[in-house]
Structure formats: structure tokens, C-alpha cells
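Novice: Pasting in a structure now, in C-alpha cells, and then I'll have a few things to ask.
The values are calculated or read from the model by the stated rules, or taken from the named source; none is laboratory data. Please read these numbers as outputs of a predicted model, since none were measured by experiment. Please note: Cβ atoms are built from the backbone with ideal geometry, for glycine as well, and neighbour counts cover all protein chains shown. The area values use the complete protein model at the heavy-atom level, side chains included, leaving out ligands, DNA and RNA. Shrake-Rupley method; radii C 1.70, N 1.55, O 1.52, S 1.80 Å.
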Amino acid sequence: MPDLTNPFPNDPDRREIWTMLVERDIAAFVAADWSMVADDFIEAQFLGIDGRASDNPDSWRVGFPTLSAYRDEWLRQAAESAKVQYAEDRSAGIHRATTLLHIEIEGDVAIAHKKFDGVLLRADGGKDVMNWQTLYFCRKQAGRWKLTGFVGYLPFPMGTRKA
């Protein structure tokens, strides 16, 4: 079982962002339950950029111009993942592949660098490779950190794939 300990026990802001982007996001994804994360977003400011697995910004696209567009894709991916029979606990596997150690905070804005680098073993002998990274943009609103958007589906590490 991977270590699920928040790496920021003495930093309330980073601890809150990590809990939102790792602990709560993975639990919601595995449960395919958007309501668990719905309040983690500032809908009016949301923009999701799809990096299209490329380290060339010229190929990146506005993949999610609205939060509802992102929600629909998130739910689709969660439902697809839930259909797969895994040879291991899916939540533990996703946690094992996920790293969030770099969070830059300037006042009430933050960038969190979340990386996925691992493999989920399937019951059929196959595997799902998790190998990408996302930059999440956060803003503190009414004393709570929330997401305003992201640049995601980027190669990990950068410099490995071009469009």
C-alpha cells in the first residue's frame, strides 16, 4: 500500500491544496462521484487546457472552456476506469502513481505541479500506464483554496514528446 500521508503537515495552505488535488480527487474519481469535488472549483474563472501529450505549447488546445465540459469528460473517464477489472486496488494504484510535492504560492494564488508516473495492473494481464503531468491553478477564495483551471495531459517528463 502506498504512503498516503500528506507531505505538508506543517504548511496549512499546501496541505489543503494537496488534500484537494490528491486525496479528494482520487477518492472522487474512483467513486465516479463528481459531487465530492464539485465545490473545489471557481466555475466562473475555470479554463482547462489540454496539452495533448505534447511539450510543444503550439499544439495545446482549449480542451475545457467551461467547468461543465471538464466535468463531463472527468465523469466519462471515471466511468471507463470503473469498468476495468484491475489486479490491484485501483485507488492504491493511482495514489502510488501520483506525486504532488511542488506547490508555488504567491499571496492568494498557487500553481500545483501534479505528476502521474506508474502502472495499474489489469486482471487480464495488461496494464494501464499513467505517465503525464498537470499544472493546476488555484486561488484562495473566502479562506479556502479552489481550482480556477489547469494545463493538463502534458508529457512527463517534459521534453519527451512533441506534436
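Novice: Can you tell me which condition residue 78 does not meet? The list is (1) closer than 12 Å to residue 29 by Cβ; (2) without any contact (Cβ under 8 Å) to a residue 24 or more places away in the chain; (3) under 16 Å from the mean Cα position of the chain (by Cα), and all the others hold.
Specialist: If we test residue 78 against (1) closer than 12 Å to residue 29 by Cβ; (2) without any contact (Cβ under 8 Å) to a residue 24 or more places away in the chain; (3) under 16 Å from the mean Cα position of the chain (by Cα), just (2) comes out false.
Novice: Within the stretch 81-92, which residues are under 16 Å from residue 28 (Cβ atoms) and either touching a strand residue (DSSP E or B) at 6+ places or on another chain (Cβ under 9 Å) or among the aromatic types (Phe, Trp, Tyr) (or both)?
Specialist: 81, 90
Novice: Okay, moving on. Is it true that residue 153 is open to solvent by 40 Å² or more (accessible area, probe 1.4 Å), in a strand (DSSP E or B) and in contact (Cβ under 8 Å) with a residue 24 or more places away in the chain?
Specialist: yes
Novice: May I ask you to list the residues in the stretch 20-39 that are crowded, with 19+ Cβ neighbours inside 10 Å and either among the acidic types (Asp, Glu) or on the phi > 0 side of the Ramachandran plot (or both)?
Specialist: 25
Novice: What do you reckon, is residue 99 open to solvent by 50 Å² or more (accessible area, probe 1.4 Å), under 22 Å from residue 17 (Cβ atoms), not in a loop (DSSP other than H, G, I, E, B) and not acidic (Asp, Glu)?
Specialist: yes
Novice: If the requirement is being open to solvent by 60 Å² or more (accessible area, probe 1.4 Å) and farther than 24 Å from residue 41 by Cα, which of these qualifies: 117, 108?
Specialist: Just a single option satisfies the conditions, and that option is 117.
Novice: Consider residue 151 carefully, then state whether it is under 14 Å from the mean Cα position of the chain (by Cα), at pLDDT 95 or above and of a type in the set (A, V, I, L, M, F, W, C).
Specialist: Yes.
Novice: Determine whether residue 94 is over 15 Å from the mean Cα position of the chain (by Cα) and open to solvent by less than 60 Å² (accessible area, probe 1.4 Å).
Specialist: Answer is no for this residue.
Novice: Kindly check whether there is at least one residue in the stretch 45-54 that is at positive phi and of a type outside the set (A, V, I, L, M).
Specialist: Yes, the stretch 45-54 contains a residue that is at positive phi and of a type outside the set (A, V, I, L, M).
Novice: With the condition kept exactly as written, say whether any residue in the stretch 28-40 is over 25 Å from residue 83 (Cα atoms), out of contact with any helix residue (DSSP H, G or I) (no Cβ under 7 Å at 6 or more places or on another chain) and not in a loop (DSSP other than H, G, I, E, B).
Specialist: yes
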